[in-house]
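Worksheet: one structure, shown below.
The values are calculated or read from the model by the stated rules, or taken from the named source; none is laboratory data. Model, not experiment: these values are computed from the prediction. Cβ placement follows ideal geometry from the backbone for every residue including glycine, while neighbour counts extend to all protein chains displayed. Keep in mind that these areas ignore ligands, DNA and RNA; they rest on the heavy atoms of the full protein, side chains included. Shrake-Rupley method; radii C 1.70, N 1.55, O 1.52, S 1.80 Å.
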Amino acid sequence: MDNDELVLQDLVRINTTGKNEVAIAKYLKKLLDEHDITNEIIEFDDGRAGLIAEIGNGHGPILAFDGHEDTVALGDKTRWQTDPLSGIKIGDKIFGRGITDMKSGLAAGVLAMIRLKRNEQLLNGTFKLYATVGEETGELGAKQMVEAGLANHIDALLIGEPSGIQLDYIKSLPVEQSLPGIVMAENIHDISEKNKTTEQHFLEIAHKGAISYRITSQGITAHSSMPELGVNAIDALLTFYNKQQELFNDISKIQNKLLGKTTPVVTQIAGGEQPNTVPGCATMGVFVRTIPEVPHEKIVSEVEKIINEINASGKAVLSLTINFKNQPVYSNPNGRLSQITKKIGEKLIHQSLPFIGVSGGTDASQFIKANPNMEVVIFGPGNITAHQVDEFVDAGMYHSFIDIYESVVHQYLK
């Protein structure tokens, strides 16, 4: 392994599936200190910390890079062919939990910053790197950094989330079938046919937002032999369910050209205590992937109208609890960062890079709160379908992304 690969291996060996991101932050600080790069650890909670670093002459725009330190759980380690925390290299692949999502992207961003530091005076502006925490669970990290004003004045944001799909998988799809969860103007089969690597990458410039909420139905418990003495909480919840279905059937007629339609999913239903009583309480969990054309405020307002209508009937009392709201992201494919990244990326990884929109979210939903006009490009080493057993990154592609990030920053701040 060369030095760049050893940095990645070190990051994989630091287990951040158990909320131990402070160890990553300390490692990155030591590495950046060795190269005289200004940086600061940002503490969020016990054992949880991110990092912000920056270089440049400060006389121009601010280009930021974002990568998260946390990873998903290891899963069943017996199903792995290697230790998931080894970062071992076998052939052209480096294995490890979180290596795709997204320690390889984070490592590539840090190493590009170290290279750029050598000619820092040529960067007409500022290159800032954010290492965040809690992205996998929608907590802490980017949200707190934004709320603390640590992400103000950013002009453009490059996120190192994985952006590739194995070429073998694409070629296995029927010609008429598109990629699930991805919206793009081009035909993926035409593009992949000309790809001579093992992965097809994309430039993600749009992704859906998300709103998660819970509906609680409060009725009155009674014995099943005398149901007239009770108020069935499940009945009211089912009424809400049907009216919500009608609402989203109407909303789904509104489309975004890169994100498609709003997609709701009822994820949880619970109610009742035992077989022979009228249920006094029932709950429903709902998760909605959103588009810019249907603001969260509109969804909440319409849901509240349904609740008020049902409550006015004098039956069970419904209430709404919002768990979280993440904004959708929609950037301009003709923007400066988009075009620079496309030109440099296509040259260095030898393939056509289409612009896409996806259903899943990133830290960008938090960063754009500081600047709604911020240009965003999500582009990084690794497979979009991460979190698999034997998660790996292609070593050659990892090295290419270090080169890409270095060149993009240099060109953007030229």
Relative contact order of the stretch 271-370, please, whole-number percent, based on alpha carbon pairs below 8 angstrom and at least 6 residues apart.
21
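Rounded to the nearest whole Å³, what is the per residue volume of the convex hull around the Cα atoms of the chain? If you can, show how the numbers build up before the last one.
On the way: hull volume 67.1 nm³, N = 414.
It is 162 Å³ per residue.
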Note on the stretch 363-414: alpha-carbon gyration tensor, axes a ≥ b ≥ c; rule is a/c under 1.5 for rounded, else prolate if a/b larger than b/c, else oblate; result oblate
Taking Cα pairs closer than 8 Å and at least 6 residues apart, the relative contact order of the chain in percent is 24
Nearest 5 is fine: what % of DSSP beta bridges in the chain come out antiparallel, could you say?
75
Under 5 Å, built H, 5+ apart or other chain: amide partners of LEU318
GLN218, ASN311
Kindly provide log₁₀ I(q)/I(0) values, in the same order as q = 0.10, 0.11, 0.18 Å⁻¹, from the Debye equation applied to equal alpha-carbon scatterers of the stretch 241-397.
-0.56, -0.65, -1.21
Scan the stretch 146-202 for trypsin sites (Lys or Arg not before Pro) in coil per DSSP, keeping those whose Cβ has at most 13 other Cβ atoms within 10 Å, and list them by number.
LYS194, LYS196
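Beyond 15 Å, what share of the Cα-Cα pairs of the stretch 286-367 is found? Please give it as a whole percent. Please report the intermediate quantities before stating the final value.
Details: 2360 of 3321 pairs.
Considering the stretch 286-367, 71 percent of its Cα-Cα pairs are separated by more than 15 Å.
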What residue among ASN152, LEU31, LEU122 has its Cα farthest toward the positive end of the dipole of the stretch 1-156, where the charges are +1 on Lys, Arg and -1 on Asp, Glu, each on the Cβ?
LEU31
Carbon and sulfur %, accessible surface of the chain computed with the full protein complex present, 1.4 Å
49
Enter the angle in degrees (range 0 to 90, nearest 10) between the Cα long axis of helix 104-117 and the first principal axis of the Cα atoms of the chain, meaning the one along which they spread out most.
40
Kindly report the accessible area of the chain per residue (heavy atoms of protein chains, probe 1.4 Å, no ligands, DNA or RNA), in Å².
44
Along the stretch 26-32, Karplus-curve 3J(HN,Hα) (6.51, -1.76, 1.60; θ = phi - 60°) to the nearest Hz, with x for Gly and Pro, reads 5, 5, 5, 4, 4, 5, 6
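Peptides 63-69, 388-394, 265-271: what's the order by average Cβ count within 10 Å, highest mean first? Don't skip to the answer; put the middle values down first.
Values: 63-69: 27.4, 388-394: 20.9, 265-271: 12.6.
Ranked by mean Cβ neighbours within 10 Å, highest first: 63-69, 388-394, 265-271.
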